[in-house]
Amino acid sequence: MAGLARRGSMPSDTHTPEDGARYRRDGWWRDRTLLDDFLATVAARPDKVAIVAHREGRTLPEVVSYGQLGAYVDRCARAMIELGVQPGDVVSIQLPNGWQFPVVALATMRAGAIPNPIPPIYREFEVGKMVRHAESKLLVVPASFRGFSHEALAVRLQAEVPTLAHAVVVGATDPAAVDFESIMLDPARDPDAAAKAALDALRPGADDPAVLLFTSGTTGTPKAAVHTHNSLWSAGFALPDSIGLTPEDVCFMASTMGHLTGFYWGMALPLAQGQKVVYQDVWNARQLIELIGLEQISWTLSATPFALDLVEMRKQSPRDISSFRSFVCGGAPIPPHVAAEVKAQLGCDLISLWGCTEVGICTIHRPGASVETLAASDGMPVRQMELRIVDEDGAPVADGEDGALHVRGPGIFAGYLKQPELTADLRTDDNWYDTGDRGRRTPDGGIRISGRTKDIIIRGGQNIPVVEIENELILMPEVREVAVIGVPDDRLGERGCAVIAPEGAAPTLADLCKRLEASGMAKQFWPERIEIVDALPRTPAGKIQKFVLRERFAKA
């Protein structure tokens with residue numbers, strides 16, 4: 001392809017031709033894409049409702065059929081091409097959950113380009129890094145969302161980032177921006193037969209890049225994971241395989257489409273299957289209790305805090321939610337009391353899973369798993385991925401013993417964009433992928449995640465980039481040493497705690513937050529607790545012993 005591949009920055013393929021042939025033979029890879037599946041549904045069922053999008057402050061939702069969605073995608077793809085987007089270019093998308101996000105993402109694929117989802121909570125600190133690293137051609141944002149002017153940021157970045165040709169804004173007010181609705185969705189861009197054939201000629205192949213997803217790592221630099229259409233499809237196949245999804249199911253997605261969870265299981269998969277998808281741009285558990293009955297929602301995938309909120313709201317509402325059969329939960333182990341309450345209050349199956357952006361789902365439970373099973377493990381290994389648990393020397397550990405979790409198979413991503421050394425670091429000498437997570441095998445064959453070697457915090461399913469926070473806080477004159485760690489939290493799984501060895505008068509938590517706000521860092525990344533120490537514990541080699549800090553402050 002042009003674009004990424006033409007610039008020589010496309011990651012080297014993780015899978016050999018022999019791997020690909022085997023994956024196709026076994027049914028884990030295909031010769032079609034999720035875009036192909038979506039366009040087939042548009043042709044077969046144009047009148048079926050595709051999206052029901054609820055926006056905060058509006059009583060009525062926006063409803064879009066598959067026929068309408070397909071028309072919007074074609075118009076938007078043609079507009080992108082007119083704006084200079086070429087096959088292989090990157091289009092960054094920072095939109096809240098709603099019908100506009102799928103239009104832009106699918107139109108990007110339709111134009112042969114690569115969508116780069118960005119969560120709406122990110123600000124200049126994160127977005128600037130991402131569009132520069134991706135060399136994005138377009139940045140698509142709302143004019144404002146939750147009190148922040150994304151339009152102003154996008155226009156500013158357009159002037160600063162050489163590759164960023166246009167800022168496309170939903171509800172644009174700045175003349176320097178491209179207005180999404182009036183320009184990108186102009187009915188004059190409805191393609192005739194020749195134009196549609198031209199679009200079809202740009203369709204990506206199954207082994208071409210499908211999405212560019214940034215992950216939070218331990219190095220302080222952004223890591224941009226590239227999935228092909230085949231690796232992406234295989235990375236998520238275990239979920240519909242496990243809970244038996246069909247085109248008649250109705251999906252609800254609370255997690256942002258700026259992450260793999262929302263992008264794949266809240267957009268690409270359900271729209272490829274021909275399901276109806278229900279969105280909220282701002283999470284509202286009270287409203288969701290109503291929507292389950294009104295829209296006959298049958299499943300969702302999200303983090304544990306969403307399940308807890310829904311349980312509490314259900315206790316206050318007698319509404320019928322009998323259509324809701326599966327709450328799939330990832331991001332953190334499920335405490336036993338959560339599993340029991342979900343079953344008692346929601347009447348649905350709680351399905352836990354473990355995975356990551358680079359490989360998708362590695363383990364998952366089946367419907368009907370007992371509370372005891374859910375509490376004991378994070379699921380059974382999925383059919384298409386091999387999994388092993390090894391010690392520091394790479395030797396297999398006995399069942400029940402803790403070790404590093406390695407996987408290999410068709411769901412593994414193509415690699416990190418422009419960072420081959422980081423991709424290589426994840427491969428073992430015998431070509432397994434080191435997930436950076438640790439775990440053990442349970443007596444029934446399940447996998448229980450016990451910790452992470454990656455230096456990140458997972459707060460409500462959101463990865464927190466620890467090193468970037470530390471790099472900012474160490475610049476404060478009051479801070480001599482700093483380590484940011486995760487401490488347990490009943491609702492969110494973990495919260496960030498800044499452990500500070502001060503220089504002179506110790507800073508307060510408010511001082512830290514003020515510093516991070518000034519840097520443009522998203523509020524969700526700020527530490528929520530501070531601990532003051534005389535000095536940080538270190539190894540003889542000088543490395544900070546964060547496990548000592550975690551043990552010390554876990555129960556404080």
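Considering only residues in region 134-153 that are without any contact (Cβ under 8 Å) to a residue 40 or more places away in the chain and buried (at least 20 other Cβ atoms within 10 Å of the Cβ), the one that is nearest to L83 (Cα to Cα) turns out to be E151. Can you find even one residue in region 135-147 that is more than 21 Å from the chain's Cα centre (by Cα) and hydrophobic (A, V, I, L, M, F, W, C)? Yes, some residue in region 135-147 is more than 21 Å from the chain's Cα centre (by Cα) and hydrophobic (A, V, I, L, M, F, W, C).
When region 279-307 is examined, which residues are found to be touching a Phe, Trp or Tyr at 6+ places or on another chain (Cβ under 6 Å), among the β-branched types (V, I, T) and surrounded by 24 or more Cβ atoms within 10 Å (Cβ to Cβ)?
Initially, region 279-307 is screened for residues touching a Phe, Trp or Tyr at 6+ places or on another chain (Cβ under 6 Å), giving 292, 297, 300-301, 307.
If we keep only those that are among the β-branched types (V, I, T) as well, we get 292, 297, 300.
Result: I292, T300.
Which of the residues belonging to region 378-402 are of a type in the set (D, E, K, R) and either in contact (Cβ under 8 Å) with a residue 60 or more places away in the chain or touching a Gly at 6+ places or on another chain (Cβ under 6 Å) (or both)? Talk me through it step by step, then tell me what you get.
The initial filter retains those residues of region 378-402 that are of a type in the set (D, E, K, R), namely 378, 383, 386, 388, 391-393, 399, 401-402.
Across region 378-402, the qualifying residues are D378, R383, E386, D391.
Please go through region 494-512 and give me each residue that is in contact (Cβ under 8 Å) with a residue 24 or more places away in the chain and surrounded by fewer than 13 Cβ atoms within 10 Å (Cβ to Cβ), ordered by number. Write out each step before concluding.
If we filter region 494-512 for residues that are in contact (Cβ under 8 Å) with a residue 24 or more places away in the chain, which is where we start, we get 494-507, 511-512.
Within region 494-512, G504, A505 qualify.
Quick check on this structure: which one of S9, S65 is buried (at least 16 other Cβ atoms within 10 Å of the Cβ), at negative phi, at pLDDT below 95 and not aliphatic (A, V, I, L, M)? Let's see the steps before the verdict.
Values: S65 fails: at pLDDT below 95.
Every option except S9 fails the conditions.
Quick one: in region 284-326, which of the residues that are of a type in the set (F, W, Y) and at pLDDT 95 or above is farthest from V52 (Cα to Cα)? Restricting to residues being of a type in the set (F, W, Y) and at pLDDT 95 or above, the top hit is F324.
Kindly indicate whether Q384 is over 16 Å from I334 (Cα atoms), buried (at least 17 other Cβ atoms within 10 Å of the Cβ) and out of contact with any strand residue (DSSP E or B) (no Cβ under 9 Å at 6 or more places or on another chain). Explain how you work it out, then say what you get.
Working: over 16 Å from I334 (Cα atoms): yes; buried (at least 17 other Cβ atoms within 10 Å of the Cβ): yes; out of contact with any strand residue (DSSP E or B) (no Cβ under 9 Å at 6 or more places or on another chain): yes.
Judged against the criteria, Q384 is a match.
Got a sec? Which strands (runs of 3 or more DSSP E) wholly within region 7-114 have at least 2 residues that are farther than 26 Å from M130 by Cβ and in the same structural domain as Q273 (by TED's automatic domain parsing)?
On the way: elements: 49-54, 62-65, 90-93.
Once the strands (runs of 3 or more DSSP E) in region 7-114 are filtered for at least 2 residues that are farther than 26 Å from M130 by Cβ and in the same structural domain as Q273 (by TED's automatic domain parsing), what remains is 49-54, 62-65.
Please work out if L95 is touching a Phe, Trp or Tyr at 6+ places or on another chain (Cβ under 7 Å) and more than 24 Å from T41 (Cα to Cα). For L95, the condition - touching a Phe, Trp or Tyr at 6+ places or on another chain (Cβ under 7 Å) and more than 24 Å from T41 (Cα to Cα) - is met.
Considering region 340-350, the residues that are crowded, with 22+ Cβ neighbours inside 10 Å and in contact with a helix residue (DSSP H, G or I) (Cβ under 6 Å, 6 or more places away or on another chain) include one that is modelled with the lowest pLDDT, namely V342.
Taking N471, is it of a type in the set (S, T, N, Q), assigned to a strand (DSSP E or B) and either outside the structural domain of A303 (by TED's automatic domain parsing) or crowded, with 20+ Cβ neighbours inside 10 Å (or both)? In short, no. Pairs are defined by a Cβ separation below 9 Å, a sequence spacing of at least 6 or placement on different chains, a first member in region 23-47 that is exposed (fewer than 15 other Cβ atoms within 10 Å of the Cβ) and of a type in the set (S, T, N, Q), and a second member that is modelled with pLDDT of 95 or more and assigned to a helix (DSSP H, G or I); no pair meets this definition.
Name the residue that is surrounded by the most Cβ atoms within 10 Å (Cβ to Cβ), counting only residues in region 180-213 that are closer than 19 Å to A105 by Cβ and either of a type in the set (V, I, T) or free of Cβ contacts under 8 Å to residues at least 60 places away in the same chain (or both). So, considering only residues that are closer than 19 Å to A105 by Cβ and either of a type in the set (V, I, T) or free of Cβ contacts under 8 Å to residues at least 60 places away in the same chain (or both), the one surrounded by the most Cβ atoms within 10 Å (Cβ to Cβ) is V211. Under the condition of being of a type outside the set (V, I, T), free of Cβ contacts under 8 Å to residues at least 60 places away in the same chain and surrounded by 15 or more Cβ atoms within 10 Å (Cβ to Cβ), the residues counted in region 403-424 number 5. Taking P240, is it within 24 Å of the chain's Cα centre (by Cα), in a helix (DSSP H, G or I) and surrounded by fewer than 20 Cβ atoms within 10 Å (Cβ to Cβ)? Answer is yes for this residue.
The values are calculated or read from the model by the stated rules, or taken from the named source; none is laboratory data. Small disclaimer: the values here were computed from a predicted structure and weren't measured. Note: ideal-geometry Cβ built from the backbone for every residue, glycine included; neighbour counts use all protein chains shown.
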